[in-house]
1. With θ set to phi - 60° and the Karplus curve 6.51 cos²θ - 1.76 cosθ + 1.60, what are the ³J(HN,Hα) couplings of the stretch 58-70 in order, to the nearest whole Hz, using x for Gly and Pro?
2. Show me, for the stretch 79-92, the HN-Hα J-couplings you get by feeding each phi into the Karplus relation (A = 6.51, B = -1.76, C = 1.60, θ = phi - 60°), rounded to Hz, glycine and proline as x.
3. What distance in nm separates the simple spin-label points at V234 and L101, each placed 7 Å from Cα in the Cβ direction?
4. For G113, enumerate residues with amide H under 5 Å from its amide H, sequence gap 5+ or separate chain, H modeled in the peptide plane.
5. Rank these residues by their accessible area, most exposed first, probe 1.4 Å: T272, T226, T85.
6. Using r as the Cβ-Cβ distance of N132 and H215, and R0 as 25 Å, what FRET efficiency do you calculate, to the nearest 0.05?
7. Using only Cα atoms and rounding to the nearest 10 degrees, what angle (0 to 90) does helix 100-109 make with the longest principal axis of the chain?
8. With θ set to phi - 60° and the Karplus curve 6.51 cos²θ - 1.76 cosθ + 1.60, what are the ³J(HN,Hα) couplings of the stretch 206-218 in order, to the nearest whole Hz, using x for Gly and Pro?
Amino acid sequence: MKIAILSRNSKLYSTRRLQEAGIERGHEVDIIDTLHCYMDITKSRPAVRYKGEELPLYDAVIPRIGASITFYGTSVVRQFEMMGTFCVNESVAISRSRDKLRSMQLLSRKGIGLPRTGFAHSPDNIKDLIRNVGGAPVVIKLLEGTQGIGVVLGETAKSAESMIEAFMGINANILVQEYIKEAGGADIRCLVVGGRVVAAMKRQAKEGEFRSNLHRGGSAEIVRLTKEDRATAVNAAKIMGLNVCGVDLLRANSGPVVMEVNSSPGLEGIETATQKDVAGLVIEFIEKNASPHKNRTRGQG
Ligand code: ADP
Ligand code: MG
């Protein structure tokens, strides 16, 4: 098959591994810089152009869309969808998962375990916002944060209040969340491919830190999942409509709760920790689900 990886950087571990895994299995794999794609949408025959030429018809596209280019990246993915190309994750599912609040609203409606969460822009009663999620300590998050930046712990009602006021002062959308203390600074990343958890790791925050992000000095190790962990991750992926994603869980006393769902999960940490060929499983998923473009003419699909 002819596969395209949409990625801003061909040297990134995940991009390289996906290309290698595709080639190993006998496919042709091109890496296309998402931001350099341009589209002609005035024609009835949708196409993507790149470096002065029309891109060939790919059988499958693997979108690796970073958070900073969600808007343009998802429109490139959508253009491939218009051409009838199989996209590992659909553009609408990527957009949906990028919005933390929207994701939580969808997951909560379907009964997925979540930390009790309040969302606000300009609450008139901050004390109530804190009380409503169970009182201090609470976790306060910027809606657009990644890698643990913009996630703070308000240990007392007083400090939580002043942090919320500070965020309000800079006109930010904030999320106030029950602090899952019993998680002990650890979270669980489940890598879901095609409705199955294919690899999982536990990330432990460094001493004196509650955020387990590897970027914040956390460390990764393999972990055995419970049936409930597994079911929660698989259901969350299904509700978000993502075929390939990372689902982050915290183990709360009430059972696993979902913190976030990532549509372009990094492969380095999880492949290193678990020694699993996750990239190969993504290619295998494509083999099972993409129908080759060969007998198709453009504009169909
Ligand atoms: P980011 O998108 O920046 O990674 P997260 O929501 O994943 O933000 O939070 C970063 C880390 O902080 C998590 O991996 C987890 O270890 C910790 N954390 C976040 N929310 C909670 C919470 N409600 N209770 C306990 N720990 C939390
Ligand atoms: Mg996170």
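The values are calculated or read from the model by the stated rules, or taken from the named source; none is laboratory data. What you see is a predicted model, and the numbers here were worked out from it, not measured in a lab. Every residue, glycine as well, gets a Cβ built from its backbone with ideal geometry; the counts of neighbours run over all protein chains shown. Surface accessibility is based on the protein's heavy atoms, side chains included, excluding ligands, DNA and RNA. Shrake-Rupley method; radii C 1.70, N 1.55, O 1.52, S 1.80 Å.
1. 8, 7, 8, 10, 9, x, 10, 9, x, 4, 6, 10, 3
2. For the stretch 79-92, the Karplus-derived couplings read 4, 5, 4, 4, 8, x, 7, 6, 10, 4, 10, 6, 4, 5 Hz, x marking Gly and Pro.
3. Those two pseudo-labels are separated by 3.3 nm.
4. Placed amide hydrogens put V258 under 5 Å from G113.
5. My answer, sorted largest first, is T272, T226, T85.
6. So the FRET efficiency works out to roughly 0.25.
7. 80 degrees
8. Along the stretch 206-218, the couplings run 5, 3, x, 10, 9, 8, 8, 3, 4, 5, 9, x, x Hz.
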